[in-house]
1. Can you give the local net charge around A110? Use residues other than it whose beta-carbon is closer than 13 angstrom to its beta-carbon, Lys and Arg +1, Asp and Glu -1.
2. Compute the Cα gyration tensor for the stretch 3-196, then decide on rounded, prolate or oblate, letting a ≥ b ≥ c be the square roots of its eigenvalues: rounded whenever a/c is under 1.5, prolate when a/b is larger than b/c in the other cases, and oblate in all that remain.
3. Let a ≥ b ≥ c be the square roots of the eigenvalues of the Cα gyration tensor of the stretch 67-163; is it rounded (a/c under 1.5), or, if not, prolate (a/b larger than b/c) or oblate?
4. Using per-residue counts of other Cβ atoms within 10 Å, averaged over each peptide, order 267-273, 60-66 from highest down.
5. Calculate the FRET efficiency for M94 and S200 from the Cβ-Cβ distance with a Förster distance of 51 Å, rounded to the nearest 0.05.
6. Based on the Cβ-Cβ distance from S122 to A193, what FRET efficiency comes out when R0 is 35 Å, to the nearest 0.05?
7. What number comes out for the charge environment of R272, summing +1 per Lys or Arg and -1 per Asp or Glu over other residues with Cβ under 13 Å away?
8. H266's amide H: which non-local residues (gap 5+, or another chain) put their own amide H closer than 5 Å, with H modeled 1.01 Å from N in plane and none for Pro or chain starts?
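Bear in mind these aren't lab numbers, they're just calculated from the coordinates by the rules spelled out. This is a predicted model, so every value here is computed, not measured. Here the Cβ is made from the backbone with ideal geometry for all residues, glycine too, and neighbour counts use every protein chain on show.
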Amino acid sequence: MNRFFASDPERTVDTLDERTLVLFCKRARIGLWVMIASLGVFIVADLVAGRPGLVFQIGLKVAQLPVAAGALWSFDTARGRRYARGTVLAVLAMNAVALAPIGIARADAATGPVLLTMATLSAGFMLPWGAVRQGVYAAVATAASWSLTLAVEPWSTAAIYPALARTVLYVGSIIVAQLAERNRAERGRMEAALREGTSSLIEANTELHEEGLANAALLHVTATLQCHLRDPDMLRRVNGLAVETLGCDWSSTFLWDSRRGGLVLHATAGARPEVAAELATLVFPVPRTAHDVFDSFETCWAMPASSRRKVRSR
């Protein structure tokens, strides 16, 4: 099984160019298999009919088989996929050039041009390879068609008018390829804008969610303070709420002690007893400027400290 097409291309590639290349390889693979099958059918028909120039005609058709098979094989390699458009263009141009001498050898000015018209229109509608490559292929097909027509029925009105009609169709296939290319480019711009808008919405939703969590936590703290404002263990409850809300290991509150000249432990939650006992014996000094600020007020100032874990920084 071809590994390149084993999974959904929309899930394995990201950019529009990569998806277009995957689509091109898929459709080109189908077209090359149709080409190989058609060559086999015509080889069998030539052998059954036994027309003049049999060896020459069959030789040209057999020579195309390994080229088409090699193009199919190249799609299995990364380098081959990168040059898939050029490879398919070369194979189709070779087939168009070979149809002219085959038709001249059979004196058949109808079959070859019909096949060229079908192949050119199919390439324009099905292969996402742009107007330039389609134009090159259409030019080769036009030259082969006119060469065959003029060689078999030189300047015959019955042959010239169909040849002109086919030329119009070849030019039309270029226009179709150009419109398809423009549509793909527009789709790429729309997808880029959609991805950007989706990313912005996700970021805004994340910010709103975080703000909602913060507001909910503040409301919880406010409710706790209102319910236990005069309780002696009010600060311990606040520390416990911090542990619960922030998901930290422990939370402690240190109050300014003007007599001891620093911050001392007043309440803690989540800390081991031996850690709390050790913290209770410590005095944390503050810079002189902060010392003056604390001394200028008679009320006590509280500074909560938490050992935070799993808290997203904003």
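1. Numbers: positive: R106, R166; negative: D108, E153.
Spelling it out: positives minus negatives among the neighbours equals 0.
2. Values: a/c = 3.33, a/b = 1.62, b/c = 2.06.
It comes out oblate by the Cα gyration axes.
3. On the way: a/c = 3.25, a/b = 2.07, b/c = 1.57.
Note, shape of the stretch 67-163 comes out prolate.
4. Values: 267-273: 17.4, 60-66: 14.7.
Most protected by this proxy first, the peptides run 267-273, 60-66.
5. Values: r = 50 Å, r/R0 = 0.99.
Efficiency at R0 = 51 Å is approximately 0.50.
6. Numbers: r = 33 Å, r/R0 = 0.94.
Efficiency for this residue pair is about 0.60.
7. That sum, taken over residues with Cβ under 13 Å, equals -3.
8. For H266, whose amide H was placed from the backbone, the distant partners under 5 Å are T253, F254, L255.
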